[in-house]
Each structure stands twice: as C-alpha cells, then as structure tokens.
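Shown next, in structure tokens, is the structure this report addresses.
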Amino acid sequence: MRGRLACLSILVLAGGCGLVSYDSLAGSIDGGLGQIDSAGEPNDAARTDAPPTEPLELTFGEDGVDGRVSGVTTDTALNGGLPDQPGGDGASFTAEAVGPIHGLLRFDLSSVPTTATVIGAELEVWTNFSPSQGGTAQLFRISEEWEEATATWNQRSTGVAWTDAGGTTAGEAVASITTVNESFFESLEQRLELPIGLVADWVAEPASNNGLLFVPTSGYVGLLSSEAVLIENAPILHIRLAAE
C-alpha cells in the first residue's frame, strides 16, 4: 500500500496477426496458403486477412496475482468525529453517516502511457462486515492531493488544510455503492463501473489523479483496504485500453 510500482504485466486478450507475402513465380506455396494463378496473383484460397488487434486489460491490485500491478494503492478514512486523527493504516476504510466518516481510495496509474486510449474502467471492492446495518455511499472525484499516512478530516497532509473539510471534490458523483446488513466476518465482492472520461484524465494527466472520495448518504459502508488481512480482497482497478 505504501510502495510504488513494482512491476507491470499486460494481459493480451487475443493473439496477434500473421503477414503473408507472395512470390511472383507461378506455382504452389508451401504451408497450405493456396496457389498462385497464372497472372502471378494469389487466389482466394491463398488470401489471409490479419485479425483485428484486441484491446488490452490492465489490473491494479496489491496481491500482484494474474499480472496485477502491485504497490500502487493508497486508502484511508477521514473521521469528522475525530477531525485530527489519521486513519491510513487500517485494514478497512469506511463511509459512515455517523461521524461522519469519508473513505478515500487512489491507484497510481503513472505506469500507463499518457497517450493510451481508455475504453473501459471498473472498480472491484470487497465489503467489510456490517455489525448492524448496511448503507449507501456516493463516489466523487477528489480535486486535491492528499497523503495516506497523515490525511485527516481537517488536513490533507501535515499542515495543509483541505479546502472543504472531509475532502475536496469536483463535479457530480461518478458512481455509488450500496451494502446490506451482512453476517459477521462475511465479505461480499462488488464491481462498480467508472466513467471512462474520469480514468482517461488520470492516465493522460497523472498529476490530476487524486482518487475517489466515498461520501455516505445513509448507514454504514465498510470496504476492505489495501492492508486487508486477506490481500486478495484489497481493492482492484481494471482498465481496458484500445488496441494500438
């Protein structure tokens, strides 16, 4: 969670293509590509059209499994009831109406080329157990930099106040999440589609990537953090890029 980029592995969802050249001499071509006609042109049986290149998928998550980029996640919780207390070392981060408490989550995407074209993005999270209730939270784009270890309700880093206490945001909500009253120690996976434009901005301008703020509208939304005991349940970001 505190580390930086450890490795990058790109999953190619489909294979590449083959290039076929033809000699001007009449005769057959070895390898089953067909015959060349008397005019020196390949017949239809010899023609092979290269398949289209498929999109690429990148995944960012702390367990490093299945080619995920690890060491890129930061998250914390800001507690309005304890406005000067940081919470970046917890195994979960929450959005809770009582407090209130806001959750912050960010993935470092600086390993992605700034010229890449984003065509899809999805956030995968696991809910923490809710002892008494579920809840709903909205996700907003954070507009100011913050530090995981020192961010509080009042300050985004040591000695630097948020413009708006509890986390400064820009624009309308980009997604929402609802959890239910769950059994003790039961965690449930949720996948949230994120706006392509939001993630595209983060890729094109890495300095603009301050992550997401989870703001409660009711109840309690608890999510496992990048320091979860079961690291495979840490947040994961999936990004699909257009083929080159």
Legend entry - Members of segment 192-237 found to be at pLDDT 95 or above, more than 14 Å from Leu105 (Cβ to Cβ) and buried (at least 18 other Cβ atoms within 10 Å of the Cβ), listed by number: Val203, Pro216
Legend entry - Subset of segment 192-215 [more than 19 Å from Val72 (Cβ to Cβ) and either in a loop (DSSP other than H, G, I, E, B) or not small (Gly, Ala, Ser) (or both)]: Glu193, Pro195, Ile196, Val215
Inset, instruction - Check segment 162-183 and report whether any residue there is closer than 19 Å to Glu62 by Cα, part of a strand (DSSP E or B) and in the same structural domain as Leu123 (by TED's automatic domain parsing). - result: no
Legend entry - Meets criteria (assigned to a loop (DSSP other than H, G, I, E, B), under 22 Å from Leu82 (Cβ atoms) and of a type in the set (Gly, Ala, Ser)) for Ser218: no
Legend entry - Any hit, segment 50-62, residues being closer than 24 Å to Thr127 by Cα, hydroxyl-bearing (Ser, Thr, Tyr), modelled with pLDDT of 50 or more and touching a Leu at 6+ places or on another chain (Cβ under 8 Å): yes
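The values are calculated or read from the model by the stated rules, or taken from the named source; none is laboratory data. Being a predicted model, the structure only gives us computed values, none of them experimental. Here the Cβ is made from the backbone with ideal geometry for all residues, glycine too, and neighbour counts use every protein chain on show.
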